[in-house]
Amino acid sequence: MRALLKPALLFIAIGVAIYAGLYFAAERLMLRTGHTNPFFKIATAREGAFDWVILGASHAMPLDFADFNARMERDTGLRILNLAGPGTGPLYNRFVLEHLLGRRRVRNVLYVADAFAFDSRTWNEERFADAKLLRRTPFEPAIAARLWDYALREGVDVRAVLDYASGFSKINNRERLQRDVWEGEAQFERVYRPSAAAVKKRVAYLYPEPVSEAARARYLEQLAAIAALARQAGARMVVVKMPVPAQFREQLPGEAAFDAALSRMLSAQQACYADFSAALDEPRLYFDTDHLNRAGLTEFVNHRLKAMLVSRDCAPPPAPRGGA
């Protein structure tokens with residue numbers, strides 16, 4: 001038995017060394033191909049302070065497509081960091097903001113709210129275990145420790161912690177040589193052709209479960225926690241709803257009830273709120289059922305969002321003449 005122990009230990013040591021080498025190589029490659037992941041953006045940000053950090057799901061992401069974030073910074077003279085991610089609800093956004101505030105100073109937080117992100121574990125607890133997010137998240141002991149805390153306190157699957165710490169998804173990433181770009185960015189210049197079938201399919205995807213008042217209450221509490229984090233950091237919190245076409249907007253379940261609950265919570269938190277969801281209805285301003293293309297985003301930023309970014313006033317700017 002003792003004669004076999006030494007070879008067995010040597011075999012294990014070689015296996016661990018090979019795995020460690022693969023982990024190191026995968027981590028270095030991830031840093032070279034990174035782009036969209038919020039933790040990658042935090043790790044590679046050169047600035048020590050930002051005037052605005054943007055949080056939310058995919059409706060906020062076009063603000064950082066192509067050269068658009070740089071353009072906004074040039075037009076406003078502000079430093080802006082967009083940490084929105086596809087399908088990320090307020091629990092995951094809170095996780096991101098906690099990490100950011102430990103490393104950078106932030107003067108304002110812009111949260112782009114979508115009702116679907118407050119309705120299901122799919123966009124909150126379960127997002128932490130998503131391999132596409134884990135394999136693009138740089139390894140840091142602080143992130144691992146916070147992820148473990150979320151597993152203990154917030155109902156995140158412990159397997160997400162094990163995957164992140166072991167680098168399993170990162171090592172086994174079949175897209176490791178591809179740049180981390182969300183598929184919507186490739187469509188940014190596209191003009192959408194309205195489709196009732198596409199809208200129906202999209203809404204069914206966003207709402208995998210029936211609307212639940214209990215779920216909305218839980219995730220609105222997470223948004224309140226984000227507002228509290230911003231306040232503790234001396235930052236102002238602003239919440240907006242991005243424009244979506246009427247064809248899409250009218251199919252969203254329980255939207256009026258969500259708007260009322262969101263307004264009440266934000267009023268209690270003394271956070272600014274502006275609902276721009278009905279601001280732009282023309283299909284030519286979108287690249288799919290509900291995401292603004294370059295033309296639509298330019299219209300929205302120039303006539304609505306820019307004024308909020310450069311002002312300390314909570315009130316949204318008046319609609320421009322012509323109904324844009």
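Overview of results
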| read-out | value |
| --- | --- |
| Neighbour-count order for 61, 265, fewest beta carbons within 10 angstrom listed first | 265, 61 |
| In degrees, nearest ten, helix 2-33 long axis to first principal axis of the chain (Cα) | 30 degrees |
| Dipole-positive endmost among 144, 181, 25 within the chain (Cβ charges, Cα centre) | 25 |
| The chain, Cα convex hull volume normalised per residue, Å³ | 156 Å³ |
| Karplus-derived HN-Hα couplings along segment 223-236 (A = 6.51, B = -1.76, C = 1.60, θ = phi - 60°), whole Hz, x at Gly and Pro | 5, 4, 5, 5, 4, 5, 4, 4, 4, 5, 8, x, 9, 8 |
| Hull shadow area, averaged, segment 1-108 [alpha-carbon convex hull, nm²] | 9.9 nm² |
| Gap separating the Cα centres of segment 97-138 and segment 257-292, nearest whole Å | 19 Å |
| Gyration tensor over alpha-carbon atoms, segment 257-309, equivalent ellipsoid semi-axes in Å | 25, 15, 7 |
| Whole-Hz ³J(HN,Hα) from phi, Karplus 6.51 cos²θ - 1.76 cosθ + 1.60, for segment 301-312, glycine and proline x | 5, 5, 9, 10, 6, 4, 4, 6, 5, 8, 10, 9 |
| Value of Rg to Rh for segment 196-322 (Rh from inverse mean 1/r over Cα pairs, i.e. Kirkwood) | 0.98 |
| Spin-label pair residue 131/residue 174, simplified geometry with 7 Å Cα→Cβ offset, distance in nm | 0.8 nm |
| Unit charges on C-beta of K, R, D, E only; dipole of segment 205-253, Debye | 260 debye |
| For residue 273, distant residues with modelled amide H under 5 Å away | 239 |
| Ranked 205, 23, criterion: other C-beta atoms within 10 Å, fewest first | 205, 23 |
| Semi-axis lengths, Å, segment 137-200, gyration tensor of Cα atoms, sqrt of 5 times eigenvalues | 34, 18, 11 |
| Projected label distance in nm at residue 6 and residue 260, using a 7 Å step from Cα toward the beta-carbon | 7.8 nm |
| Segment 18-50-segment 202-238 distance, computed between alpha-carbon centres (Å) | 27 Å |
| Neighbour-count order for 200, 132, fewest beta carbons within 10 angstrom listed first | 200, 132 |
| Rg/Rh for segment 176-259, where both radii come from Cα atoms and Rh is the Kirkwood radius | 1.05 |
| Charged-residue dipole, Cβ positions (Lys, Arg, Asp, Glu), segment 35-156 about Cα centre, Debye nearest 20 | 360 debye |
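Coordinate-derived values only; no laboratory data. Here the structure is a predicted model, which is why all the values come from computation and not from measurement. Heads up, the Cβs are rebuilt from the backbone with ideal geometry, glycines too, and the neighbour counts pull from every protein chain shown.
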